[in-house]
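Heads up, the thing below is written out as C-alpha cells.
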Amino acid sequence: MILQTQSAVDNLLPFPIALGFVAALGALIGSFLNVVIHRLPREESIVFPNSRCPSCGTAIRPYDNIPVISYALLRGRCRSCRTPISARYPAVELLVAALFALVFWHDRLTLALPFDLVFVAAIAALIFIDAEHMILPDVITLPGIGFALAARALVPNLYGLGFLSDGLLLGTPDWTVSLAGALLGALVGGGSLWLMGFLWERLRGVEAMGLGDVKMMFMIGAYLGWAHTVLVIFLAVVVGSLVGVTLMLRRGERDMQMLLPFGIFLGTGAIISLLAGHALIGWYVGRFTP
Ligand SMILES: [Zn+2]
C-alpha cells in the first residue's frame, strides 16, 4: 500500500535520513528487547529495577546504555569491574536496527509501517526467547493475536484483501473483509500447526509441538493472512529440517526426537514472508500460469 502523497512525504524527509532514524529506533527497541529476553521468562519486571552489571551489580549509567555505541566505546567490558559483556546485546540491537531499516525500505512512510514495526519487534522477541529458553510466552503471543486482529480491522488493505473480496463477501465494508481474512489466516496458521502436533503425537506417542507454537501461528496467521501464512510454514519446515538434519549429522545423533525450538524458524519465516512474501508468492504462482 503506497500513499498517494509519497513523493511529498519523501521531499519532507529525505529517504536516507528517515531510514537512519528508523534504524536508530530499531536499535533502541533492540536494547529494550535485550531486557525483555532476559527478564520475561524469569518473571521479573521489565521496568524495574534498572539494568545492572550481572557480575559486580553496579547500576548501568544512562550514558553507558546507548545501543551498540556504548558497547563499542567500553570495548565490550563493564566500566567498573571490566568483566566482558556478552556480544549478544549489541548483536540483538544491530539485528533489530537492520530489521527496522528493511521494514521501512519495504513500507516507506505508510500506514502499514508502525504496525509492521510492532509485528517485527514482537516476532524478534519470540525468536530470541525461544532460542534461549525454549518457550514462547503467552504475554507476547496472546496480546499479539489481539494486535494482529486489530491491525487488520484498522488497516483493511494491509496485505491486500485477497480472494474473499472477489466474491464471497462482495459489497461488505473493507474492514469486515479484512477481519475475515485475518481469522482465516489465524485458522490456517494455528490450525495446521495444531494438526501437525496432534498427528505427530498420535503416530510417535510424544509431544512434538508446544501450544506456544500454535499460539504464535494464530498471531502470524491473523496478521499476514492465509497465503503468506502457508509460505511461513513452508519456509519454517524447510529451514527447520535442513538445520535439524545438519545438527544430527554433525553430532552423529540418530535421535529423531531431538527438540528444536521451532519458533525460531516460524519467526524467521514470518519476517521473510512479510518483506518478500508478495514477490515469492507471485513468482511461484507465475510458474503455473502462462
Ligand atoms: Zn561490572
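The values are calculated or read from the model by the stated rules, or taken from the named source; none is laboratory data. Predicted model, so just to flag it, every value in this text is computed and none were measured. Neighbour counts run over all protein chains shown; Cβ positions are idealised from the backbone, glycine included.
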What number of residues within the range 128-139 are part of a helix (DSSP H, G or I) and surrounded by fewer than 22 Cβ atoms within 10 Å (Cβ to Cβ)?
-> 5
Taking the residues in the range 71-93 that are in a helix (DSSP H, G or I) and not hydrophobic (A, V, I, L, M, F, W, C) as candidates, determine which candidate is farthest from the ligand (Cβ to nearest atom).
-> 93
Would you point out which residue out of 66, 46, 123 is among the hydrophobic types (A, V, I, L, M, F, W, C), more than 16 Å from the ligand (Cβ to nearest atom) and crowded, with 17+ Cβ neighbours inside 10 Å?
-> 123
Residue 41 being surrounded by fewer than 10 Cβ atoms within 10 Å (Cβ to Cβ) and modelled with pLDDT of 70 or more | no
Candidates 53, 81, filtered to the one that is surrounded by fewer than 17 Cβ atoms within 10 Å (Cβ to Cβ) and either modelled with pLDDT under 85 or farther than 20 Å from residue 128 by Cβ (or both) = 81
Of all residues in the range 219-232, how many are within 14 Å of residue 267 (Cβ to Cβ) and surrounded by fewer than 24 Cβ atoms within 10 Å (Cβ to Cβ)?
-> 1
Within the range 42-59, restricting to residues that are within 28 Å of the chain's Cα centre (by Cα) and among the β-branched types (Val, Ile, Thr), the one that is nearest to residue 91 (Cα to Cα) is 46
Would you confirm whether any residue within the range 49-58 is in contact with a strand residue (DSSP E or B) (Cβ under 6 Å, 6 or more places away or on another chain) and either within 16 Å of the ligand (Cβ to nearest atom) or assigned by TED's automatic domain parsing to the domain that holds residue 275 (or both)?
-> yes
